[in-house]
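Quick notes on the structure that follows.
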Amino acid sequence: MDDYSVGVLTNLGLISFIALSAYLLIIAGEMSFGQQGFFGVGAYVAGVATAMYGIPLPVAAAMAMGAGAAAAFLVGLPTLRLRGLYFAMATLAAAEMFRIVFELIHFQREIDGDLVGPDGTQGFRSIRWVFENGVEPEGFLALVWGLLAVIIILFLLVERSRLGATLRMLGEDPELARTLGINVERFKLGVAAAAGALAALGGALYAHHNTYIEPRNFDIMLGVHSLAYALIGGLGTAFGPLLGVLVDIGLLEGSRVFHGYRMIVFGGLVAVLLIFRPRGLLDERVVHWLKRRLA
């Protein structure tokens with residue numbers, strides 16, 4: 001496999017983490033434009049851990065997930081009291097707050113004669129754990145998709161469980177869930193924390209794939225796209241966000257046919273699907289039909 005194909009496939013996997021993070025919140029009835037903030041938290045935490053303190057990537061990724069979950073929990077405490085557009089705007093504001101904080105961080109230490117660490121708007125260079133430990137691009141690709149496969153399996157198991165049914169009930173009728181004795185606010189806080197951890201894991205891997213990150217990597221467009229991937233791919237299954245990522249990055253960005261027109265085509269596709277398929281390509285009806293055909 002050539003380097004270009006490996007790079008595209010790796011990016012597909014990395015962005016799928018934040019797309020699944022947005023999908024998880026949508027299923028619970030909340031639309032977030034701020035998952036890029038937790039993606040960035042994971043990138044910076046893992047980058048600092050490996051590049052500045054020599055912590056192995058698996059441990060750094062776990063630290064990033066913990067930080068992402070904590071950040072999402074803290075953001076969720078006030079914002080989950082809001083509903084609809086107000087919640088979406090609040091999460092966007094929180095993500096922009098994180099991005100501004102990244103711009104203000106100047107935290108470096110000298111390693112082998114070079115300054116390493118976040119340097120505000122100048123970015124964070126030399127996140128080289130992958131290269132220093134001899135991980136080849138194909139090996140990192142396998143790592144990304146291996147972790148993604150585990151997460152998809154967990155999603156599918158949850159969707160078939162009582163927890164999954166409760167999650168979808170929250171999204172469809174929170175008042176009914178409340179009358180059945182479910183603590184809606186506490187449950188949604190847990191969902192927000194899990195979504196934050198998932199986005200942060202993607203961010204940790206993203207930082208080590210690129211070896212360089214900067215605050216503008218985590219701007220509003222990443223959040224808009226992550227939400228759009230779930231809406232395009234479909235809300236009937238966890239494979240939906242992956243399909244959305246594949247359509248955008250795999251087809252529109254990875255193909256020369258749409259060079260220079262990618263955002264126009266992508267925006268038009270989102271508009272058309274919201275009109276004709278508001279639950280996406282793989283909505284609940286399509287998923288049910290596929291299950292019957294494959295049974």
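Within the span defined as the range 163-177, every residue fails to be touching a residue at least 24 places away in the same chain (Cβ under 8 Å) and within 17 Å of the chain's Cα centre (by Cα). Would the range 11-20 turn up any residue that is more than 20 Å from A230 (Cα to Cα) and surrounded by fewer than 24 Cβ atoms within 10 Å (Cβ to Cβ)? So far as the range 11-20 goes, no, none of its residues is more than 20 Å from A230 (Cα to Cα) and surrounded by fewer than 24 Cβ atoms within 10 Å (Cβ to Cβ).
Here A72, A90 are screened, and the one residue that is touching a helix residue (DSSP H, G or I) at 6+ places or on another chain (Cβ under 7 Å) and crowded, with 22+ Cβ neighbours inside 10 Å is A72. Contact map, the range 266-295: residues that are under 21 Å from G164 (Cβ atoms) and among the β-branched types (V, I, T) paired with residues that are open to solvent by 70 Å² or more (accessible area, probe 1.4 Å) and assigned to a helix (DSSP H, G or I), Cβ distance under 9 Å, separation 6+ or inter-chain. Pairs shown: V287/F239. It is to be established whether one or more residues within the range 108-117 are assigned to a helix (DSSP H, G or I) and not basic (K, R). Scanning the range 108-117 turns up no residue that is assigned to a helix (DSSP H, G or I) and not basic (K, R).
Surrounded by 15 or more Cβ atoms within 10 Å (Cβ to Cβ) and free of Cβ contacts under 8 Å to residues at least 24 places away in the same chain: is that true of A49 in this structure?
It is true that A49 is surrounded by 15 or more Cβ atoms within 10 Å (Cβ to Cβ) and free of Cβ contacts under 8 Å to residues at least 24 places away in the same chain.
Would you check which residues across the range 138-196 are among the basic types (K, R), open to solvent by 60 Å² or more (accessible area, probe 1.4 Å) and closer than 30 Å to A94 by Cβ and list them? Passing the criteria: R178, R186.
Answer yes or no as to whether M31 is assigned to a loop (DSSP other than H, G, I, E, B), surrounded by fewer than 23 Cβ atoms within 10 Å (Cβ to Cβ) and in contact (Cβ under 8 Å) with a residue 12 or more places away in the chain. Criteria met by M31. Among the residues of the range 20-47, those that are within 22 Å of F187 (Cβ to Cβ) and in contact with a Pro (Cβ under 8 Å, 6 or more places away or on another chain) comprise L20, A22, Y23, G29. Scanning the range 101-137 for residues that are among the small types (G, A, S) and open to solvent by less than 50 Å² (accessible area, probe 1.4 Å) turns up G117, G120, G123.
Can you give me the number of residues within the range 233-247 that are assigned to a helix (DSSP H, G or I) and either open to solvent by 10 Å² or more (accessible area, probe 1.4 Å) or modelled with pLDDT under 90 (or both)? Show your work before the answer.
Keep residues of the range 233-247 that are assigned to a helix (DSSP H, G or I), which gives 233, 239-247.
Cutting the leftovers down to either open to solvent by 10 Å² or more (accessible area, probe 1.4 Å) or modelled with pLDDT under 90 (or both) gives us 239, 242-243, 246-247.
Of the residues in that region, 5 qualify.
If the condition is being over 28 Å from L243 (Cβ atoms) and part of a helix (DSSP H, G or I), then the range 131-171 contributes F131, E132. Would it be correct to say that I55 is surrounded by fewer than 19 Cβ atoms within 10 Å (Cβ to Cβ), modelled with pLDDT of 95 or more and not in a helix (DSSP H, G or I)? In short, yes.
The values are calculated or read from the model by the stated rules, or taken from the named source; none is laboratory data. Because the structure is predicted, anything quoted here is derived from the model rather than measured. We place every Cβ from the backbone using ideal geometry, glycine too, and count neighbours over all the protein chains shown. Each accessible area value is taken on the protein alone, full model and side chains, heavy atoms only, with ligands, DNA and RNA left out. Shrake-Rupley method; radii C 1.70, N 1.55, O 1.52, S 1.80 Å.
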